[in-house]
Amino acid sequence: MAAVDVQRPSDITAHPPGLARRKFWDKSFVIWGIVATIIGLGTLVTLVSDLLADGGHRLTPAFFFSFPSSDPAEAGILSAWVGSLLVIATTALVAIPVGLLAGVYLEEYAPKNPVTSAIEIAVNNLAGVPSILFGLMALGIFVQFLGNPARWFGFLPESFRVAGADLFGQSILTAGITLALLILPVVIVATREAVRGVPQEIRHAALAVGATKWQTTQHHVLPYALPGVVTGVIIGISRALGETAPLIMIGGLTFVAFLPITRPGDATFETIGVLDQYGAAIDPSATERVTIAHDGVVVLPDFTEQQVSAGQVLDLPHGSTVQSVANLGDAVASWSPTHWLGSEFTVMPIQMFNWTSRPQAEFLEIAAAAGLVLLVITLLMNGAAIWLRYRLRKQIKW
């Protein structure tokens with residue numbers, strides 16, 4: 001009878017080799033995670049506390065509804081927060097549809113070949129490009145080229161070239177497009193990652209019952225990818241809200257005592273003709289027939305003034321300025337994008353930069369107050385991203 005080898009039973013109470021080391025690293029990771037969280041929260045609390053201590057007492061209604069001033073006691077952020085609002089709205093209107101469509105195309109429709117691979121590499125690299133380079137690009141393309149009617153194609157009508165140049169240059173439209181290009185890689189990457197996270201089985205099921213590629217994307221892929229897309233978009237816009245360097249490069253003003261939109265009772269100025277960068281008429285001998293809209297004053301190029309009344313039709317030389325007072329109809333019309341997109345602007349980071357460069361301690365206090373407002377807006381936007389992601393994920397039923 002052959003002998004049967006009997007294996008000795010192992011002791012189930014004995015610890016496997018290396019268990020103590022693994023437990024040590026596990027506890028170490030937890031500890032380092034807590035330390036990192038405390039450092040992050042501590043930095044935020046310290047920053048907010050410092051801003052509150054320096055500028056908290058400046059947060060009054062007058063601070064939000066006053067223009068900048070050389071007197072720190074009267075200075076406010078009205079033009080800065082309105083300019084930031086309009087610039088960010090323009091940025092979102094450009095970046096969201098372009099980034100969403102580009103991300104969906106690259107992930108769902110684009111063939112896998114060297115061209116699309118190069119595009120993907122370029123998009124990922126653009127996310128790390130310093131923002132000042134976007135400002136240099138915008139300065140050359142949107143300000144110096146598109147902002148000069150003489151550089152447009154000569155076969156285009158002069159009125160079209162002048163109107164197009166008025167929209168570009170040192171304007172809200174240029175700022176919005178520049179910031180949209182800056183955050184576009186973030187939106188594209190976030191969209192691609194969100195679309196990629198949708199299980200393939202959902203696509204296969206939709207295609208199996210006869211849905212087209214677009215119907216599958218529209219009714220199944222995009223709704224499930226929406227939480228991730230929204231998060232990426234809001235994070236990108238939060239970054240754009242605090243950018244300063246590219247806007248300074250394209251000519252964002254550091255002291256603005258007017259709004260891109262008009263309020264009833266505001267003084268209005270309309271310059272006749274095309275001016276050079278120094279404010280002089282390009283063609284001093286040219287005239288233009290103008291119908292006066294409101295009672296006011298016309299300042300001629302030689303600085304003489306002429307009283308005018310509504311309804312008058314005058315032939316004014318280029319370089320003249322028509323000054324009047326806006327009524328309610330003018331205020332409503334000024335909200336049209338065709339009006340404020342071509343306006344000069346400032347934003348809160350530029351206004352803060354201007355105040356911090358001044359020697360008076362009072363300006364540092366109002367800069368801290370503006371920084372506190374900007375920080376609260378950023379936190380609210382990120383909080384909105386978390387809330388939207390939570391609500392949208394609750395609606396997903398895999």
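Considering segment 91-118, the residues that are touching a helix residue (DSSP H, G or I) at 6+ places or on another chain (Cβ under 7 Å) and among the β-branched types (Val, Ile, Thr) include one that is nearest to Val221 (Cα to Cα), namely Val104.
Kindly indicate whether Val347 is under 21 Å from the mean Cα position of the chain (by Cα), modelled with pLDDT of 85 or more and exposed (fewer than 14 other Cβ atoms within 10 Å of the Cβ). When the stated conditions are applied, Val347 does not pass them. Among the residues making up segment 353-398, those that are part of a helix (DSSP H, G or I) and among the hydroxyl-bearing types (Ser, Thr, Tyr) are Thr356, Thr378, Tyr390.
Here is a yes/no grid of residues against (1) at pLDDT below 85; (2) assigned to a loop (DSSP other than H, G, I, E, B); (3) aromatic (Phe, Trp, Tyr); (4) under 30 Å from Arg263 (Cβ atoms):
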{"residue": "Val4", "(1), (2), (3), (4)": "yes, yes, no, no"}
{"residue": "Pro17", "(1), (2), (3), (4)": "yes, yes, no, no"}
{"residue": "Ala20", "(1), (2), (3), (4)": "yes, no, no, no"}
{"residue": "Ile31", "(1), (2), (3), (4)": "no, no, no, no"}
{"residue": "Ile34", "(1), (2), (3), (4)": "no, no, no, no"}
{"residue": "Thr37", "(1), (2), (3), (4)": "no, no, no, no"}
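Checking segment 134-141 against the condition returns a match, with at least one residue being aromatic (Phe, Trp, Tyr) and crowded, with 18+ Cβ neighbours inside 10 Å. With respect to being part of a helix (DSSP H, G or I) and either of a type outside the set (D, E, K, R) or touching a Pro at 6+ places or on another chain (Cβ under 7 Å) (or both), Thr346 falls outside the description. The residues of segment 163-207 that are in a loop (DSSP other than H, G, I, E, B) and closer than 30 Å to Leu146 by Cβ, listed by number, are Phe168, Gly169, Gln170, Ser171. Quick one: in segment 67-93, which of the residues that are under 14 Å from Ile366 (Cα atoms) and not hydrophobic (A, V, I, L, M, F, W, C) is most open to solvent (accessible area, probe 1.4 Å)? Here the residue is Glu74. Quick one: is Asp315 under 30 Å from Phe160 (Cβ atoms), touching a Lys or Arg at 6+ places or on another chain (Cβ under 6 Å), open to solvent by 40 Å² or more (accessible area, probe 1.4 Å) and in contact (Cβ under 8 Å) with a residue 12 or more places away in the chain? When the stated conditions are applied, Asp315 passes them.
The values are calculated or read from the model by the stated rules, or taken from the named source; none is laboratory data. A quick note: this is a predicted structure, and the numbers were derived from the prediction, not measured. Counting neighbours? That spans all protein chains shown, and the Cβs are built from the backbone with ideal geometry, glycine included. Each accessible area value is taken on the protein alone, full model and side chains, heavy atoms only, with ligands, DNA and RNA left out. Shrake-Rupley method; radii C 1.70, N 1.55, O 1.52, S 1.80 Å.
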